[in-house]
Amino acid sequence: MFHYSSDAMTTLAKSTKEVLVAAKWMLENVGWTQRKFARNKMGNSCALDDYEQVACYCAAGAIFAVKSESELFINQARIALRGAMDAGSLVTWNDEPGRTREQVLEAFQKAIDSCE
């Protein structure tokens, strides 16, 4: 089973499920945000792959930040997560007022489970 950890930020995901597992790990261990794909410790927008600076990701940003063998896995992960969220837009769903980190993580887990 694919395991993601802080020393594996550059490990290539080899499936849709691995992309989702990696993105969920980033949200759990790096942080979650709204209204920006990624933020630094000062709360400013920053590059998704600037792992030294990123302090948190939104749901879509975490998926886009995952290194993958194929863009197809990234796109399929977005589709699986949208299905788990029952939403047309990951960004809009993530950014809804009152949305919680726990709800986002639950949606990721649901999407991961759908890949089995």
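Just a few scattered comments:
- Column: log10 I(q)/I(0), Debye, Cα scatterers of the stretch 12-114, q = 0.12 Å⁻¹: -0.33
- Exposure proxy order (Cβ contacts within 10 Å, fewest to most) of VAL19, VAL30, VAL91, VAL54: VAL91, VAL30, VAL54, VAL19
- Here the dipole of the stretch 12-114 is about 120 debye; that uses its Cα centre as origin and unit charges on the Cβ of Lys and Arg (positive) and Asp and Glu (negative).
- Packing-based exposure ordering (other Cβ within 10 Å, fewest first) of CYS46, CYS115: CYS115, CYS46
- Entries of LYS24/LYS110; LYS17/LYS110; LYS17/LYS67; LYS41/LYS110; LYS24/LYS67 with Cα pairs more than 20 Å apart: LYS41/LYS110
- Extension reserve of the GLU96-LYS67 stretch, reckoned as 0.36 nm per residue once the Cα distance is removed: 7.7 nm
Taken together, the values in this text are just the output of simple stated rules run on the coordinates, not laboratory data. Keep in mind it's a predicted model, so treat the numbers as computed, not measured. Cβ: placed from backbone, ideal geometry, glycine included. Neighbour counts: every protein chain shown.
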